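No value in this document is a laboratory result; all are computed from the given coordinates. Treat the numbers as computed from the prediction; the structure is a model and nothing was measured. Glycine also receives a Cβ, built like all others from the backbone with ideal geometry; neighbour counts cover every protein chain displayed.
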Amino acid sequence: MNHLIVYAHPNPDSLNHAILKTAVNTIKKNGHEVIVRDLYALDFQPVLKPEDTKAMKAGQTPKAIKKEQEYITQADVITFIYPIWWTGLPAILKGYVDRVFSYGFAYGSGEAGIIKMLTGKKGFIINTHGTPKEIYDEIGMTDGLKITSDTGIFDFVGIEPVGHLFFGSIGYLDEEAYKGMLKKVEDTINSQFS
């Protein structure tokens, strides 16, 4: 199984980076291939520019976008790992979706409506946030985040959402709690993709 991890966190000492390392190690232990696209390390340009759209409409997808689309095409599983900032995706990851999950590559339209062009792939998301998870659950934010990412991004293009982990109260917990989160990442990957 080929895994693609799209990772968006600027701090290499973050919990998100520890989650990334745990995910990569667990996937490899299960005998799968994994490619990581660290958007900050790549200095990925997140702004969809008019010239990008014009080039794609002319069938000349810019190299940076085409490269990411090739990784997606080759992947059986696409995992997003990112912190929730202002109740959404970091700008660099939102820009990745804007530019890479483009019309004609990830989705199209026809008489019956939207054509999902990435069917047959699985999607998995891991998020961290500073707000306690119980508060996000209570106010509906957890469900809202699932709808905008699992349904609004993955399902919209045909990627089957198979898991979404939320870890709250980041920055306010002890070491044991963080170790428990990494164990949950490992256990979930083992159960979903062994």
Q | segment 1-121 - charge dipole about Cα centre, Lys and Arg +1 at Cβ, Asp and Glu -1, debye rounded to 20 | A | 100
Q. Using 1/(1 + (r/R0)^6) with R0 = 25 angstrom and r between the beta carbons of residue 165 and residue 41, what's the FRET efficiency to the nearest 0.05?
A. 0.65
**Q.** Helical contribution to [θ] at 222 nm, DSSP H n ≥ 4, -39,500 (n - 2.57), averaged over the chain, rounded to 500
**A.** -12000 deg cm²/dmol
**Q.** Span from the segment 62-95 Cα centroid across to the segment 22-53 one, whole angstrom
**A.** 6
Q | Backbone N within segment 149-175 under 20 Å of label point (7 Å from residue 13 Cα along the Cβ vector) | A | 170-175
Q: Have a look at 129, 164, 32 and tell me which one the Gaussian network model of the chain (Cα, springs below 10 Å) gives the largest fluctuation.
A: 32
Q) If you project the alpha carbons of the chain onto their three principal axes, what span does each projection cover, largest first, in Å? A) 53, 39, 34
Q. Using a basic spin-label model with each label point 7 Å from the Cα along Cα→Cβ, how many nm lie between residue 143 and residue 173?
A. 2.4
Q: For residue 146, list the lysines whose Cα falls under 18 Å from its own Cα; do not include residues on the same chain fewer than 8 positions away.
A: 94, 121, 122, 133
**Q.** Spin-label model distance (nm) - residue 115 vs residue 98, 7 Å beyond Cα toward Cβ
**A.** 2.6
Q. Between residue 135 and residue 33, what FRET efficiency comes out of the Förster formula 1/(1 + (r/R0)^6) with R0 = 35 Å and r the beta carbon distance, rounded to 0.05?
A. 0.35
Q: Subtracting the Cα-Cα distance from 0.36 nm times the residue separation, let me have the gained length for residue 107 to residue 2 in nm, one decimal.
A: 35.7 nm
